Amino acid sequence: MNIFSFTAHFDKEETCRLHFKSERDRVGIKCRRCGHDKHYGIKSRWSYECKSCRSRISLRSGTIMQSSKLSFITWYKAMFLMTITKKGFSSKEIQRQLGFLFGPWFTSCVRLWGIGMISILWKV
Ligand SMILES: [Zn+2]
């Protein structure tokens with residue numbers, strides 16, 4: 001995937017959320033409270049409800065984005081920039097391209113997540 005196909009495909013927040021949700025659904029979700037692995041999807045709230053205990057979890061819960069207030073599209077863009085080349089972009093360059101400051105935690109998360117997600121993005 002190059003930058004043109006990436007921006008054409010992941011052009012909106014909802015597109016990124018839907019892609020993330022489909023990958024999360026494919027991997028499966030396990031309830032933190034009871035361990036059940038069947039959930040109802042609550043699209044209006046971007047969350048899941050356990051079919052056994054009715055406990056709710058958000059789409060981000062249990063992922064590296066759990067504590068982040070950044071949008072999905074920001075995560076996707078950062079991950080793409082960090083994995084587009086073998087060496088990736090530096091943190092400073094990512095900050096300049098995305099137009100905001102972030103800490104080393106974000107950089108590490110995106111880099112690690114990008115390694116796992118890159119094979120998925122390349123298939124799009
Ligand atoms: Zn449960």
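Hey, could you check segment 62-111 for residues that are part of a helix (DSSP H, G or I), modelled with pLDDT of 80 or more and among the basic types (Lys, Arg) and say which is nearest to the chain's Cα centre (by Cα)?
Lys77
Could you check segment 31-50 and list, in sequence order, the residues that are closer than 14 Å to Gly62 by Cβ and of a type in the set (Phe, Trp, Tyr)?
Selection gives Trp46, Tyr48.
Every residue in segment 37-48 that is in a strand (DSSP E or B) and more than 9 Å from the ligand (Cβ to nearest atom), please.
Answer for segment 37-48, where residues must be in a strand (DSSP E or B) and more than 9 Å from the ligand (Cβ to nearest atom): Tyr40, Gly41, Ile42, Ser47, Tyr48.
When segment 31-50 is examined, which residues are found to be surrounded by fewer than 14 Cβ atoms within 10 Å (Cβ to Cβ) and more than 24 Å from Ser71 (Cβ to Cβ)?
Listed by number, the residues that qualify are Arg32, Arg33, Cys34, Gly35, Asp37, Lys38, Tyr40.
Let's see how each residue does on (1) exposed (fewer than 14 other Cβ atoms within 10 Å of the Cβ); (2) touching a residue at least 60 places away in the same chain (Cβ under 8 Å); (3) part of a strand (DSSP E or B); (4) of a type in the set (Ser, Thr, Tyr):
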{"site": "Arg17", "(1), (2), (3), (4)": "no, no, no, no"}
{"site": "Ser22", "(1), (2), (3), (4)": "yes, no, no, yes"}
{"site": "Ile29", "(1), (2), (3), (4)": "no, no, no, no"}
{"site": "Arg54", "(1), (2), (3), (4)": "yes, no, no, no"}
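The values are calculated or read from the model by the stated rules, or taken from the named source; none is laboratory data. Given the structure is predicted, the values throughout are model-derived calculations rather than measurements. Please note: Cβ atoms are built from the backbone with ideal geometry, for glycine as well, and neighbour counts cover all protein chains shown.
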